[in-house]
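Following: one structure in structure tokens, then a few remarks.
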Amino acid sequence: MNNVLRKMLMLLLPVIALAFTGCAGMEFAPKRTVWYYHQELPAADRAIAKAQAEGKDKACPAEFNAAAKMRDDAYNVYLSCRTQEGIDMAKKAAEMAGALCPKPPAPPVAEAPKPEPAAPKEVAVIRIVNFDFDKYNIKAVYKPELDMAADIIKKYPNPDVTIDGYTDNKGSFKYNMRLSLRRAEAAKAALVKKGVDAAKVKTVGHSYNDPIADNKTDAGRAKNRRAEIHIIAK
């Protein structure tokens, strides 16, 4: 009996500590024998549940399953003590769930005998971030984004696809121009392996132009080392 009480006390001590300290950024969400998680993980659960309630698991099952797998992997990584990586993956799962099932552009409405053709419409922008410094290989964690991009491209008969590569501001502009183009071409090669027609994909390098974060910090430079896939349906 004493051993049982001792084990129960050991389980309750973290909960009592959380109750007194507040543990900013944590949320009570019992799952897998753990009571509290960083709020990004239960937020990913809610995003997946919302997408399923809206029928997106049936409307676009491949993309939904990719988002759900990313959420599950986030928990596995988080519980293996790689906390920040798990949090980042949970954020990505929530973003993927929120971007499910993009609607194809509506057909142009004929208002005259010879209506003007509808302008091209950008239907998706998929960002792959966090290339390692001076590298252009795409990490396995970004496979779901590439799967989603390939599935969306294949839905349209004649899409325009542009992949833009970027770098941080370390090194010369000329060197980073070559590196940014290699990053774009690496993303293209990954899409072609997934069945996308190479002729439909254009790659552009931008060096360290158009940063999305502050190049004065390590975190900002990591966000700027990215490739973006722009999909336009005609």
*Restricting attention to the stretch 163-173, does a residue exist that is within 22 Å of Lys135 (Cβ to Cβ), more than 21 Å from the chain's Cα centre (by Cα) and small (Gly, Ala, Ser)?*
yes
Those helices (runs of 4 or more DSSP H) completely within the stretch 55-102 that have 1 or more residues that are acidic (Asp, Glu) and within 16 Å of the chain's Cα centre (by Cα) are 61-79, 83-98
Expected output for the stretch 123-152 (first residue in contact (Cβ under 8 Å) with a residue 40 or more places away in the chain, partner among the aromatic types (Phe, Trp, Tyr), Cβ below 8 Å, 6+ apart or cross-chain) is Val123/Tyr156; Ile128/Tyr142; Asn137/Phe131; Ile138/Phe131
Result of the Cβ filter at 7 Å on the stretch 197-224, keeping first residues that are touching a residue at least 40 places away in the same chain (Cβ under 8 Å) and more than 15 Å from Ser180 (Cβ to Cβ) and partners that are of a type in the set (Lys, Arg) and surrounded by 18 or more Cβ atoms within 10 Å (Cβ to Cβ), at least 6 apart or interchain, is Val201/Lys188
Those residues of the stretch 29-54 which are within 21 Å of the chain's Cα centre (by Cα) and β-branched (Val, Ile, Thr) amount to Ile48
Tyr166 fails exactly one of (1) loosely packed, with under 14 Cβ neighbours inside 10 Å; (2) at pLDDT 95 or above; (3) not charged (D, E, K, R), namely (1)
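The values are calculated or read from the model by the stated rules, or taken from the named source; none is laboratory data. Keep in mind the model is a prediction, meaning the values are calculated, not measured. Cβ sites come from the backbone with ideal geometry, for glycine too, and all protein chains shown count toward neighbours.
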